[in-house]
Amino acid sequence: MSNDLTRPDGALYDDRDRASVVDEVDDILGQVIDGRYEVVSRLGSGGMGFVWEARDVVRGQNVVLKTLRPELVNNEKTAERFLREAMASASIDHENVILVLGHGVTSSYGAYYVMERLVGMDLAAAMRKHGGPLPVELTLDLAEQVASALGAAHARGIIHRDLKPENIYLSEKDGREVVKVLDFGLARLLDAGNKLTETGAVIGTPRYMAPEQCQGEKADPRADVYSLALVMHEMLTARQPYREFGTYEILGKKMFEEMAPPSALDPPVILDPRLEALLMRCLSKAPEPRPADGAQMLEALVALREELRSGAPPVVAPSVRPPVGSERPPAPASVAPPPAPAPEVAKTMAMAHYAAPSSRPEMAAAAPASKRGVPAWAIAIATAVIVVGLGVGAFAGWMWLSQEPVEAAPRQAAPVAPAPPTPTPVVAPAARPAPIVRVTSEPRGAEVRAAGGRLLGETPLEVHIGDDLEDGASVELSMEGYASRVITVSGEVPTAHVMLHPTSEGDGP
């Protein structure tokens, strides 16, 4: 029997419990629960209980049995939430939701429930095995199945609230990856009478929680939509969200910053703009722009996939261009428009402009023919008076935009003081980039913690000297089943590889 807590069967429980499992809980092995379920082996452990493989002696098939931790058996609130998970899952009759076969309470082991035994792996393990971004077609297929499961749950007034790759299980059926959504242990019913989780409590896994959950606000189906979009983001980019931050940093970023789109990552991940637009709409910090529930999310995903399959290019709004011949180069951004001329100069410019029929043929055609004997200067003066009445400043601005050559009457130029010399700009030397140290381990996936237990991430990990750590600081690498190692990280050594050694020669992962 393995003592690994990494849920090799696909994980039917909450976040991994890193604490060592006490030996006395294994006394359930070989016992027959409620005269029907013979416990065969332990599969894993979670925050609320243990997961066992059992044999249904009535049906003659293997099942998964979930029990409470011994210290929680007599906690009424925990037991009620535990059984609520079973009832929530059982009430959602959907092919993409884990099938609950039964539940009950025993005098020795408290509450329990039984689920179908799945063969496959969870999405987190599948992404690690793939080792890079998942294909868009596969991502959309899996996301549609999850959205369909969420839609069925939302239709029954159930919100999952803890959707993450570990709770999305993949098994194969007829050559296709089939999704099963697991672990409704944090599910919340939308009815007003439910008091198990009060507003103000932060419930869920921070890395995948919606911003409103991080603030302890009452979550609605759009919180599940956000979590699904974040899982999609990870599938498409092969980058775990916020992996380099601790819990409190994640909560702050969720509440005050928008999620970066894949195209803004370094290096960028280029997706079809329609896919990225839907992704970022679902990842909006405010709930309002997101699809209202799983059903609407499913509709959006199906429509997007059909559009991508059709090969139709993205619809781009046409740019507005002026008529041919009317284009004028825009003024440089760094050059301010010239000041409006004095009234006398504006009057002279107007007179010269309108006195030149060849420069404005349309105006010349519209102007009435002057009678014989009327001097041209009189027409020019009358025109100038009208222009002044309409506003000398506005007309002068229009004249600047027209950029047509105008010959103004010669005037005595006033003496102009020489311009002061332009100071030579002082350019600061380019800042030296902060050193980056790549920390790796064998095996991969070790937690890297700074002094005080601050989690920096998991190996392989890039540590930014000066931002993440001071140069020469010590970090600890740890992994369940392996002895911890402490190393010193220096910006002068770009890589640090650590071999972790098993703590015992017993059953390995």
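The table for this structure:
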read-out: Test: residue in region 93-106 that is part of a loop (DSSP other than H, G, I, E, B) and of a type in the set (S, T, N, Q); value: yes
read-out: Close pairs (7 angstrom Cβ cut-off, 6 or more residues apart or separate chains): farther than 17 Å from Glu447 by Cβ in region 483-509, at pLDDT below 75 anywhere; value: Gly506/Asn3; Asp507/Met1; Asp507/Ser2; Asp507/Asn3
read-out: Members of region 178-216 found to be among the acidic types (Asp, Glu) and at pLDDT 85 or above, listed by number; value: Glu212
read-out: Failed criterion for Pro425 (all others in (1) part of a strand (DSSP E or B); (2) at pLDDT below 85 hold); value: (1)
read-out: Selected residue (criterion: nearest to His160 (Cα to Cα)) from residues of region 60-109 that are hydroxyl-bearing (Ser, Thr, Tyr) and surrounded by 19 or more Cβ atoms within 10 Å (Cβ to Cβ); value: Ser89
read-out: Counted residues, region 248-300 - those being hydroxyl-bearing (Ser, Thr, Tyr), exposed (fewer than 13 other Cβ atoms within 10 Å of the Cβ) and either under 16 Å from Val225 (Cα atoms) or not assigned by TED's automatic domain parsing to the domain that holds Leu230 (or both); value: 0
read-out: Enumeration of residues in region 301-322 that are surrounded by 11 or more Cβ atoms within 10 Å (Cβ to Cβ) and either within 30 Å of His94 (Cβ to Cβ) or at pLDDT 95 or above (or both); value: Leu301, Val302, Ala303, Leu304, Arg305, Glu307, Leu308
read-out: Residue within region 53-71 that is outside the structural domain of Phe184 (by TED's automatic domain parsing), under 36 Å from the mean Cα position of the chain (by Cα) and free of Cβ contacts under 8 Å to residues at least 40 places away in the same chain present; value: no
read-out: Check on Asp471, under 20 Å from Arg243 (Cα atoms) and outside any strand (DSSP E or B); value: no
read-out: Filter result (under 30 Å from Gly445 (Cβ atoms) and of a type in the set (Asp, Glu)) within region 89-125; value: Glu116, Asp122
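The values are calculated or read from the model by the stated rules, or taken from the named source; none is laboratory data. Please read these numbers as outputs of a predicted model, since none were measured by experiment. When we count neighbours, we look across all protein chains shown, and the Cβ atoms used for this are built from the backbone with ideal geometry, even at glycine.
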